[in-house]
Amino acid sequence: MAAPMSNVDEIRDRVILGEFGVKNVHTTDYPGNYPGYDDTWDLEKFKKNFRIDIVHSDENMLEFDMIGIDAAIANAFRRILLAEVPTMAIEKAFIYNNTSIIQDEILAHRLGLVPIKADPRLFEYRNPEDQEGTEIDTIQLQLKVKCTRNPRAPKDSSDPKELYLNHMVYSGDIKWLPIGNQADVFADAKIGPVHGDILLAQLRPGQELDIVMHCVKGIGKDHAKFSPVATASYRLLPEITLLQTIEGEQAERLKRCFSPGVIEIQNVNGRKVAKVVNSRLDTCSREVLRHDDLKNLVKLGRVRDHFIFSVESTGILPADVLVTEAINVLISKCQKFLTELDAAEMD
């Protein structure tokens, strides 16, 4: 069992999950609010308390803990990941031929949402007034597919996969058309759709698609197709405190109230005793509070300044690169704000 916290420390540092509501949801540790506490912001104190722990990392997923920071900053970081880290996406679709059953507008919308594997850091933003793109601000793609009958199809077959050729149009059919010196500059980049198995349209013999697309650099704030993440979310670290020893049948029921791996049963001198093993896995369902004989034996909370971040990339850039880019965007925002303050003071 954890050492009890003082009431003031609990209000300052913990969000408490009760049977009929959630307490201490607002940040209250601002200067002068608590006698005896020095809550003035101090850079050295922040450096000492703040840290980032990487929990899991692969090409498309990153889970990390951001500890010792206010919710406002954590949420700003999340919103930057969603809406302000630039990517390349299809902006214009020049449809020269579309005899499929999908309307031009719907097809163009589907194409725009296909993630494009291209490093946006190597491109410039395109001037909205420019009608023609250049090699430094535009990627040109082409989709050219025609459906025909399969001359080798079995006579008694009714399966479209056997009867027709090219009847399923996938994102893998989109090809890159280099502009200017792009073929040399991006020779090893393999520019194109991130995933080749995204279904775009279905055709029948005689139907065809002939489309040229222009990809430009943009941010999710302008359109969701530019968002570099599938998900970017955070949650507070759960904290489960057993107020007294729970054993026997109660321990078994307590274990079933939480997600697998949160509570384990240990054998102590021949008795089955419940122990909190990994509160991080808890989903905070508060199921235990439905049991009258258990709800007063457990305290459920969340650590206010411990954020568990999950970032899932769409595949355009690795998840760890997206986090780095989001930090750079936040730094540039802070620098711009300081510059504006200095200018205001001079005026």
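The values are calculated or read from the model by the stated rules, or taken from the named source; none is laboratory data. Just so it is clear, the model here is predicted, and its values are computed rather than measured. Cβ atoms come from the backbone with ideal geometry, glycine included; neighbour counts cover every protein chain shown. Heavy atoms of the whole protein, side chains included, go into the accessibility calculation; ligands, DNA and RNA do not. Shrake-Rupley method; radii C 1.70, N 1.55, O 1.52, S 1.80 Å.
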- What percentages, rounded to whole numbers, describe P(r) for the range 121-165 computed over all alpha carbon pairs with 5 Å bin width beginning at zero? 5, 17, 16, 9, 7, 6, 6, 8, 12, 9, 5, 1
- Item | Heavy-atom accessible area per residue - the range 215-306, 1.4 Å, Å² | 51 Å²
- By the scheme Lys and Arg +1, Asp and Glu -1, what is the net charge of all other residues having a beta-carbon under 15 Å from that of Glu124? -4
- Item | Additional length obtainable on full extension of the chain from Ser57 to Leu43, 0.36 nm per residue less Cα span | 2.1 nm
- Item | Asp130/Gln202 FRET efficiency (R0 56 Å; Cβ-Cβ; nearest 0.05) | 0.95
- Note on the structure: With -39,500 (n - 2.57) per DSSP H segment of 4 or more residues and division by the full residue count of the chain, the 222 nm estimate, nearest 500 deg cm²/dmol, is -7000 deg cm²/dmol
- Message: For a bin width of 5 Å, list the pair-distance distribution of the range 198-276 built from all Cα-Cα distances, rounded to whole %.
- Response: 3, 10, 13, 11, 7, 6, 6, 6, 6, 7, 8, 7, 6, 4, 2, 0
- Message: So, taking all protein chains as they sit and a 1.4 Å probe, how much accessible area belongs to Ile102, in Å² rounded to tens?
- Response: 30 Å²
- Note on the structure: The lysines whose Cα lies under 26 Å from the Cα of Lys144, excluding any fewer than 8 residues away in the same chain, are Lys92, Lys117, Lys161, Lys175, Lys190, Lys217, Lys225
- Subtract the Cα-Cα distance of Leu177 and Arg235 from 0.36 nm times their separation in residues, and report this length gain in nm to one decimal. 16.6 nm
- Query: What GluC sites (Glu not before Pro) in the range 98-173 are in a loop by DSSP, with at most 10 other Cβ atoms within 10 Å of the Cβ?
  - Reply: Glu129, Glu132
- Under a 1.4 Å probe, counting only protein heavy atoms, Val329 has an accessible area in Å², nearest 10, of 30 Å²
- Query: So what's the projected area for the range 16-105, the Cα convex hull averaged over all directions, in nm²?
  - Reply: 13.3 nm²
- Query: With N residues in the chain, what two-decimal value do you get for its Cα radius of gyration over 2.2 N^0.38 Å?
  - Reply: 1.37
- Item | Residue-span extension gain [Asp29 to Met168] - 0.36 nm each, minus C-alpha spacing | 44.1 nm
- Surface share of carbon and sulfur [accessible, 1.4 angstrom probe, percent] for the range 233-347: 51 percent
- Using only alpha carbon pairs under 8 Å that are at least six residues apart, calculate the relative contact order of the chain and give it in whole percent. 26 percent
- Message: Given a 1.4 Å probe and heavy atoms of the protein chains only, how would you sort Ile139, Ile52, largest accessible area at the top?
- Response: Ile52, Ile139
- Under 5 Å from the placed amide H of Asp70, counting only residues 5+ away or on other chains, we find none
- GNM, the chain, Cα, under 10 Å: largest mean-square fluctuation among Leu143, Leu199, Leu300? Leu199
- Task: Pop the C-beta distance of Glu345 and Ser157 into the FRET formula with R0 = 56 Å and round what comes out to the nearest 0.05.
- Result: 0.10
- Query: Counting only protein heavy atoms and using a 1.4 Å probe, what share of the accessible area of the range 87-227 belongs to carbon plus sulfur, as a whole percent?
  - Reply: 48 percent
- Report the longest stretch of the chain that contains none of the trypsin sites (Lys or Arg not before Pro) sitting in a DSSP loop with at most 11 other Cβ atoms within 10 Å. 191-347
- Message: Going Cα to Cα from Lys295, which lysines come in below 21 Å? Please leave out same-chain ones fewer than 8 positions away.
- Response: Lys23, Lys255, Lys272, Lys275
- Message: Exposed loop sites here are chymotrypsin sites (Phe, Trp or Tyr not before Pro) in DSSP loop states with at most 11 other C-beta atoms within 10 Å. What is the longest stretch of the chain lacking them?
- Response: 42-347
- Message: Less than 15 Å Cβ to Cβ from Pro115, Lys/Arg counted +1 and Asp/Glu -1: what total charge do the surrounding residues give?
- Response: 0
- Message: Using only the alpha carbons of the range 75-155, what is the convex hull's orientation-averaged projected area in square nanometres?
- Response: 9.5 nm²
- Note on the structure: Log10 I(q)/I(0) at q = 0.11, 0.18 Å⁻¹ for the range 87-227, from Debye over equal alpha-carbon scatterers, is -0.45, -1.00
- Tell me, what ³J(HN,Hα) does each residue in the range 230-239 have, in order and in whole Hz, if you take phi through Karplus 6.51 cos²θ - 1.76 cosθ + 1.60 with θ = phi - 60° and put x for Gly and Pro? 6, 9, 9, 9, 9, 9, 7, 5, x, 9
